[in-house]
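Undergrad: The structure is given below, and queries will be raised subsequently.
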Amino acid sequence: MCEIMVKTENAERHVRVSDEELAVLVRRIGGDGDRFLVVQRIPDVPDVFAQVWHESGGDYTLEYRDGGADRHFQAMVDGVEAVIEAMAGWARQGSGWSSDLVWSLLDMGPTRDVPALDLDEDECKALEKRVRETLVGGFADRAELAELAEDYLVTADRRPVSREQAVALADRMWLERVAEQAEWQGETDPERLTRAFTALQEAGITARENFTCCRSCGQSEIGGEGGTDARGFVYFHSQCTDSAAAGHGLMLLYGGFDGSSETTTAIGDEVVAALEATGLQADWDRDPNRAITVTPLDWRRRLLG
């Protein structure tokens, strides 16, 4: 598997794909609504990506960027196999991957300086605090962080953070987090949690991470997430994520789709067992009306992008 994420025109995201899976995605582009894909590193690094555009019957437009505007290159390729080989080489960060194609530097125009934020100290601290909470939660990408930064301080008569300033802030904080996680060793607690949720999903329990904004929305929408054979559910919503990222443990909501307390308790038992099988601890007294809390929990969720 390559440490990449592939995003397609039709809004699909493919995480950690193999060379063979990447080749399938490249070969399929060309039709209406599915004419390009973008490949990013995991974790994503600003202004580092490869992408390809193709319409059926035409050549492939292959590009890669390796930092600033003066490192954005393009090649026109007339065969899909050469595109696949180049993109797989880029994904593996192999030496000489680009040498077989003729590249030209794209003129991206002058780089505009981003003005400093015109915020008072309290506003600046509040903005960075909110962005970092979402960043540490680990489910937002750079675009979502920038949108949050742009909108957080907006009032009816004031929009103090421009789009460019928001992107610059989000990218700076993103790279700081990337540097932090480079020091992490071994499996993290959020990765153990994902393993537990995967096992529960395979056992017929609908399991969703960071699902909806709150408990009310989660309870109303979780039923539509499972298959016809799902026996029950477990999830945590974005407010639970914020709490976990702040060091307060993680609340899990669960239940049976038949609504009975007996099934809810049985689902709770399975959730606790799955958590403990991955090395996580659960605080729960088997009361079907009480949430399961995963604690202690070291919330170090690795960024995707």
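Undergrad: Would you mind giving the average projected area, over all directions, of the Cα convex hull of the chain in nm² with one decimal?
TA: Reported value for the Cα convex hull: 19.6 nm².
Undergrad: Which shape class, rounded, prolate or oblate, goes with the range 210-281 when its Cα gyration tensor gives a ≥ b ≥ c as root eigenvalues, a/c under 1.5 marks rounded, and past that a/b bigger than b/c marks prolate?
TA: Since a/c reaches 1.5 but b/c is at least a/b, the shape of the range 210-281 is classed as oblate.
Undergrad: Ok, one more. Could you tell me the calculated FRET efficiency between Asp47 and Ser216, based on Cβ-Cβ distance and R0 = 45 angstrom, to the nearest 0.05? Could you put the intermediate results ahead of the total?
TA: On the way: r = 40 Å, r/R0 = 0.88.
Computed FRET efficiency for Asp47 and Ser216 comes out at 0.70.
Undergrad: What is the local net charge at Glu3, summed over the other residues whose Cβ is closer than 12 Å to its Cβ (Lys, Arg +1; Asp, Glu -1)?
TA: Summing Lys/Arg as +1 and Asp/Glu as -1 gives +3.
Undergrad: What shape does the range 147-268 have by the C-alpha gyration tensor, where a ≥ b ≥ c are the square roots of the eigenvalues, rounded means a/c under 1.5, and otherwise prolate means a/b greater than b/c and oblate the rest? List each step's numbers first, then the result.
TA: Numbers: a/c = 2.99, a/b = 1.68, b/c = 1.78.
Oblate shape, in that a/c is at least 1.5 and b/c is the bigger or equal ratio.
Undergrad: With axes computed from alpha carbons, what is the tilt in degrees of helix 163-181 against the longest principal axis of the chain, rounded to the nearest 10 within 0 to 90?
TA: 70 degrees
Undergrad: Right, next: When a/c is below 1.5 the answer is rounded, else prolate if a/b is larger than b/c, else oblate, so apply that to the range 36-145 with a ≥ b ≥ c taken from the square roots of the Cα gyration tensor eigenvalues.
TA: Values: a/c = 2.85, a/b = 2.08, b/c = 1.37.
It comes out prolate by the Cα gyration axes.
Undergrad: Near His72, within a Cβ-to-Cβ distance under 10 Å, what is the net charge of the other residues, with Lys and Arg +1 and Asp and Glu -1? Could the numbers behind the result be given before it?
TA: On the way: positive: Arg65, Arg71; negative: Asp47, Glu63, Asp66, Asp70, Asp107.
With Lys, Arg at +1 and Asp, Glu at -1, the net is -3.
Undergrad: From the helices alone, meaning DSSP H stretches of at least four residues, give me the mean residue ellipticity at 222 nm for the chain, per-run term -39500 (n - 2.57), in deg cm²/dmol to the nearest 500. Mind showing how you got there, number by number?
TA: Numbers: 9 runs with 115 residues, N = 305.
For the chain, the value works out to -12000 deg cm²/dmol.
Undergrad: So, one more: Helix 121-137 against the longest principal axis of the chain: what's the angle in degrees, Cα atoms only, rounded to the nearest 10?
TA: 80 degrees
Undergrad: Put +1 on the Cβ of every Lys and Arg and -1 on every Asp and Glu Cβ in the range 171-281; which of Thr206, Thr241, Gln181 then has its Cα farthest towards the positive end of the dipole?
TA: Thr241
Undergrad: Within the range 171-266, report the GluC sites (Glu not before Pro) that DSSP leaves as loop and that have at most 16 other Cβ atoms within 10 Å. Before the final figure, lay out each step's value.
TA: Details: sites: Glu176, Glu180, Glu183, Glu187, Glu191, Glu202, Glu209, Glu221, Glu225, Glu262; in loops: Glu183, Glu187, Glu209, Glu225.
Those that pass, being in a loop and sparsely packed, are Glu183, Glu187, Glu225.
Undergrad: Of the accessible area of the range 73-216, with the probe set at 1.4 angstrom, what percent is carbon plus sulfur?
TA: Working: 4030 of 8160 Å².
In the range 73-216, the share of accessible area belonging to carbon and sulfur is 49 percent.
Undergrad: Shifting gears a bit: Mind checking the per residue accessible area of the range 101-140 for me, 1.4 Å probe, whole number of Å²?
TA: Here the per-residue accessible area is 70 Å².
Undergrad: Given a 1.4 Å probe, how much area per residue of the range 232-305 is accessible, in Å²?
TA: 42 Å²
The values are calculated or read from the model by the stated rules, or taken from the named source; none is laboratory data. Predicted model, so just to flag it, every value in this text is computed and none were measured. As a convention, Cβ positions derive from the backbone with ideal geometry for all residues, glycine included, and neighbour counts pool all protein chains shown. SASA here: full protein model, heavy atoms, side chains in, ligands and nucleic acids out. Shrake-Rupley method; radii C 1.70, N 1.55, O 1.52, S 1.80 Å.
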